[in-house]
């Protein structure tokens, strides 16, 4: 279990280098009263905790008070090497002594803001430490009854506070009543009889904003709220980042699917239907037949339609005629060749195109004259002598 005790800074003085040094009584023997909720006993309104001298002044407890970080208010977490630079404003010395029922610890504050706070009247100290609670009830040598005994007290830090009591809202571990085995988050501060009489709020509370609402709480409570707020904001930021990355991944996947669909549609467009295939075959056959009429020597096997048209035009006009000519030009010249080839017709076909007619002579001509004329036409020699 972890606790805080409040004492007043004594013997404050400034050094030549500006640092502030003081003496602090940070722990004492005797009975202190805690709220049951602060020490894991919800079934009890208050708990009387006994701190015997053999525990307070043990070698391990005394050694743990040396070279501890000094903080300006209690941080919302234990002070460790990982967060020391964030929280520490000074440190305790190593001349640890027992003074009556107290442990006296020399301390030095080296942070200018913390020194200014102390000189302005912020003079109370609150020791943060861990301990084990032995839930064996009994009676002190002076005849005072108690509910539990503090054992294995180990100091973590000493906080400069406006008011020593941490308040009932400070977090306490769930395993506080495990028979002395638990060491949960520090923060339980002893209460006085006046604290248990009513719901009056203590003096020197800080006002903080929580989700737009103003809340009054102790320094330790404010620190806890600040940490929870930061953690909540970090969680929201992480969630927003995750949602953004997820949306980007979905968008990229949708783009890939759209590209695949377009490729599939393009491939489908290249597949000919049976009717289209028939048209292509017929067009090819017509082209080859046309080539046979224009340039019989041109080989069409293995050539595309465009290459066939170019071969025909080259065969008719020569390579030089097509130098640097476009495909559209070649197609046009091919069409001209096809048109010109269509104008050449068979002579006999031209004669009989209008049908066969019988030529009759004048009714006054006789058959002999017609025969003589026929013979004369057949014999050129006789025609010349005629």
Residue among 305, 278, 319, 286 that is surrounded by fewer than 10 Cβ atoms within 10 Å (Cβ to Cβ) and assigned by TED's automatic domain parsing to the domain that holds residue 339: 319
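Yes/no per residue for (1) surrounded by 11 or more Cβ atoms within 10 Å (Cβ to Cβ); (2) at pLDDT 50 or above:
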{"site": "153", "(1), (2)": "yes, yes"}
{"site": "176", "(1), (2)": "yes, no"}
{"site": "230", "(1), (2)": "yes, yes"}
{"site": "238", "(1), (2)": "no, yes"}
{"site": "247", "(1), (2)": "no, yes"}
Filtered residues of segment 97-115 (kept if surrounded by 13 or more Cβ atoms within 10 Å (Cβ to Cβ) and over 15 Å from residue 156 (Cβ atoms)): 97, 98, 101, 102, 104, 106, 108, 109, 110, 111, 114, 115
Which listed residue, of 81, 159, is assigned by TED's automatic domain parsing to the domain that holds residue 26 and free of Cβ contacts under 8 Å to residues at least 60 places away in the same chain: 81
If you check residue 24 against the conditions, is it in contact with a helix residue (DSSP H, G or I) (Cβ under 8 Å, 6 or more places away or on another chain) and crowded, with 20+ Cβ neighbours inside 10 Å? no
How many residues, within segment 228-273, are within 30 Å of residue 75 (Cβ to Cβ) and touching a helix residue (DSSP H, G or I) at 6+ places or on another chain (Cβ under 8 Å)? 0
Within segment 253-275, residues surrounded by 10 or more Cβ atoms within 10 Å (Cβ to Cβ) and not in a helix (DSSP H, G or I) come out as 272
Take residue 143 and decide whether it is more than 27 Å from residue 12 (Cα to Cα) and part of a loop (DSSP other than H, G, I, E, B). yes
Confirm whether residue 46 is touching a helix residue (DSSP H, G or I) at 6+ places or on another chain (Cβ under 8 Å), farther than 17 Å from residue 154 by Cβ and surrounded by fewer than 22 Cβ atoms within 10 Å (Cβ to Cβ). yes
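The values are calculated or read from the model by the stated rules, or taken from the named source; none is laboratory data. In this text the structure is predicted, and so the values were computed from the model without any measurement. Positions of Cβ are backbone-derived with ideal geometry, glycine not excepted, and every protein chain shown enters the neighbour counts.
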